[in-house]
């Protein structure tokens, strides 16, 4: 199966099932590190099995264990990408260094998908799911590969990160114009129902002990170098600024 078809199938599964999303950031002392977004849809694979079969055909029932890069994917789709606007091409280029690792086993009811990349500076990070939304638009507006029209990650916000050794921030700014212009989707109610039973967790690993976090429900590791905060996925989609975060470190 071609890489873009594999990705289309995987994103369809994410849209059709409740998932646990975990945004992991590992920051080293020099500010470099790794970002990964883990998507676990295993718990509800059984519920979605028949629906997947109807939506995706025989391919949905095949076991998948694959690793590929978006750079490989873009090579397969280079002709289509060349027809996109410069802005859309720039959005896709941000994904170029991401590695996609997936495991799907219908018999074991297992579905795991991880998107990861190394970074040189926290400030260069972006919202991975929004970048994926750009990838969905490449697939004819998402309609062919995405049963819900490519809603995943489309939360009309701009996400940025910063880290200077003393403080870490995660800040989403909502674009009110984009939110107003967001098209009405006939499948929005179904998407909301699925997203309502999904969660989005922030799990950040720092080289220093954390002194203070702006969120009252943050959980700390024993050495206070790891913080974990869980949100309903609907908050990520509808009020992404609720995931804004400020972390201060011990001296």
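Only one of the numbered conditions (1) surrounded by fewer than 16 Cβ atoms within 10 Å (Cβ to Cβ); (2) modelled with pLDDT of 70 or more; (3) assigned to a loop (DSSP other than H, G, I, E, B) is violated by residue 1, and that is (2).
With respect to the conditions (1) touching a strand residue (DSSP E or B) at 6+ places or on another chain (Cβ under 9 Å); (2) farther than 21 Å from residue 233 by Cα; (3) modelled with pLDDT of 60 or more, residue 30 lacks only one, and its number is (1). The listed residues are 25, 64, and the only one of them that is closer than 30 Å to residue 234 by Cβ, in contact with a strand residue (DSSP E or B) (Cβ under 9 Å, 6 or more places away or on another chain) and modelled with pLDDT under 85 turns out to be 64. Taking the stretch 60-118 as the range and being exposed (fewer than 15 other Cβ atoms within 10 Å of the Cβ) and assigned to a loop (DSSP other than H, G, I, E, B) as the test, the residues that pass are 62, 63, 83, 85, 96, 97, 107, 108.
The values are calculated or read from the model by the stated rules, or taken from the named source; none is laboratory data. Keep in mind that this is a model prediction, so the values were computed, not measured. So basically every Cβ, Gly included, is an ideal-geometry build from the backbone, and we count neighbours across all protein chains shown.
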